[in-house]
Amino acid sequence: MPEISLHDALTQALTTQLEPVTLELVDDSAAHAGHAGARSGAHFNLRIVSTRFAGLPRISRHRLVYDALRPWMAEGVHALAIDARTPDEV
């Protein structure tokens, strides 16, 4: 069985745990070539819309995202920019 890419693993974890209405995960690593952190992991931009964020402040929404991606945050992901919204905020 082929190994799943980091992008696909992150997408799968976010989909399973946060049940997003919209999920856009962009690997922006190439734009960070030469940056010290580029050697230790990937850079991603995430735009996610989920009803799970309803009533939560921004920091709590980010915690839910980081909790879903915990296995990859210590290894594989160097930077993650998060835009987390509810369907009403789109």
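Only the coordinates and a few stated rules stand behind these numbers; no lab work does. Given the structure is predicted, the values throughout are model-derived calculations rather than measurements. Cβ sites come from the backbone with ideal geometry, for glycine too, and all protein chains shown count toward neighbours.
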Cα-based helix-to-principal-axis angle, 6-18 vs the chain, degrees rounded to 10: 20 degrees
Suppose R0 equals 25 Å; then what is the FRET efficiency for residue 54 and residue 8 from their Cβ-Cβ distance, rounded to the nearest 0.05? 0.35
Cα lying deepest toward the dipole's positive end in the stretch 6-89, options 44, 22, 79, charges on Cβ: 79
Could you give the length gained by full extension between residue 83 and residue 66, i.e. 0.36 nm per residue of separation minus their alpha carbon distance, to one decimal place? 4.9 nm
Expressed in nanometres to one decimal, the distance between label points 7 Å along Cα→Cβ at residue 30 and residue 17 is 2.9 nm
Can you give the angle from 0 to 90° between the axis of helix 58-68 and the longest principal axis of the chain, with both taken from C-alpha atoms, to the nearest 10? 60 degrees
